[in-house]
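The values are calculated or read from the model by the stated rules, or taken from the named source; none is laboratory data. Because the structure is a prediction, the values reported are computed rather than measured. A quick note on method: Cβ atoms are made from the backbone with ideal geometry, for glycine too, and the neighbour counts reach across all protein chains shown.
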Amino acid sequence: MPQIIPQIEKNLHTSWQKDLREVVTEPKVLLQMLNINPDDYLQHFKARKLFPVRVPKSFINRMVKGDINDPLLKQVMPLSQEFIIADGYSTDPLEEHDTVAEGLLHKYHNRVLMVVKAGCAVNCRYCFRRHFPYQDNSPNKQRWHEALTYIAQHNSITEVIFSGGDPLMASDEHLAWLINQLEQIPHVKRIRIHSRLPVVMPSRVTMGLVNTLKKSPLKCVIVLHINHPNELNEELSAALESLRVARIPLFNQSVLLKGVNDNASCLISLCENLFDMGIQPYYLHLFDAVQGAAHFDVEEEKAKIIANEMLAKLSGFMMPKLVREIAGQPNKTPINLA
Ligand code: SF4
């Protein structure tokens, strides 16, 4: 019945924004929810000053209670090691300071990256943008004019990547408006949305979002960010169902992280489970050398051993490409596994 649909949409909309308001920002509360005594880890909590703590409850529900080494907890738990200033690590490892317009990066020939929204539902401690000056690069509707004009003036741009922060932090209305603006530019063919939000907060997959992507004449693709098989559960699968039905291609990129997923059996399980869920494994990234997260780094030689074992045991179509992003390069750099 048509009159019910807006109400359903309103409820879903309210739900993800409510979940967003309720993300856990206190490390003490995070550990208490996991039945871990916070008093044993107080010395680490001050690292939240370097990068705030943010963890949605849905993501916490997938962690193993009582386990301080849980691979999901490790991705979000502040540690005193973040204060170490390590040689070769940078606050801007990918040199993303050259915006061509407010909120717009033109790193690759045919693609631009729009910083649609500052901030994320989850703050991953290894994030290469943990020092990014979002306050200077998150335009509202009025201020997108310069970026849209730049895209319209450059015929080589066929693909627009929505990034952030997390672009799905923007409201459905804002995303629909932005996509509509891009639909007016004839040479833009595709929109790629890079997001971790559906993973850590499945309620974000609203029918409003799905309908906008489904109805757009542009080809819309979503690239998720999932690092460990424990991040996959029924709640996520159910949320992604509407995207699968709408034939929105789903890809995944992972980051190889010490102590989280740096072994072949874990990543093989991840790739197989992703594929079963209708998500195509796409990239396995070597960690970007961001200051404050050196404890996550996996040496390239070890990464190659892991990738070779994956290659031997996975069907070829499930094998993500092992890549490194190098500042200034025209594309991601594949790692030679020989
Ligand atoms: S969701 Fe992505 S952009 Fe946000 S903190 Fe995590 S890695 Fe960084």
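I need the full set of residues from region 4-49 which are more than 22 Å from Ser203 (Cα to Cα) and either modelled with pLDDT under 95 or basic (Lys, Arg) (or both), in order please.
Within region 4-49, Lys28, Lys46, Arg48, Lys49 meet the criteria.
Looking at region 164-195, which of its residues are more than 16 Å from the ligand (Cβ to nearest atom) and polar (S, T, N, Q)?
Hits for region 164-195 are Ser171, Asn180, Gln181, Gln184.
Being farther than 21 Å from His109 by Cα and assigned to a strand (DSSP E or B) is the filter here; which residues of region 156-197 pass it?
Listed by number, the list holds a single entry, Ser195.
Anything in region 196-221 that is within 16 Å of the ligand (Cβ to nearest atom) and touching a His at 6+ places or on another chain (Cβ under 8 Å)? List them, or say none.
Arg196, Val199 - these are the residues of region 196-221 that are within 16 Å of the ligand (Cβ to nearest atom) and touching a His at 6+ places or on another chain (Cβ under 8 Å).
Residues that are within 28 Å of Gly316 (Cβ to Cβ), at least 3 per element: which helices (runs of 4 or more DSSP H) completely within region 203-276 meet that?
Hits in region 203-276: 234-245, 264-276.
In region 84-130, how many are over 19 Å from the mean Cα position of the chain (by Cα) and either β-branched (Val, Ile, Thr) or more than 26 Å from Val188 (Cα to Cα) (or both)?
Going through region 84-130 one residue at a time, the tally reaches 9.
In region 303-314, which residues are free of Cβ contacts under 8 Å to residues at least 40 places away in the same chain and not aliphatic (A, V, I, L, M)?
Lys304, Asn308
Of the residues that sit in region 277-291 and are touching a Lys or Arg at 6+ places or on another chain (Cβ under 8 Å) and assigned to a strand (DSSP E or B), which one is surrounded by the fewest Cβ atoms within 10 Å (Cβ to Cβ)?
Out of the qualifying residues, it is Tyr282.
Taking region 314-326 only, how many residues are surrounded by 14 or more Cβ atoms within 10 Å (Cβ to Cβ) and either farther than 26 Å from Leu94 by Cβ or not β-branched (Val, Ile, Thr) (or both)?
Total meeting the criteria: 8.
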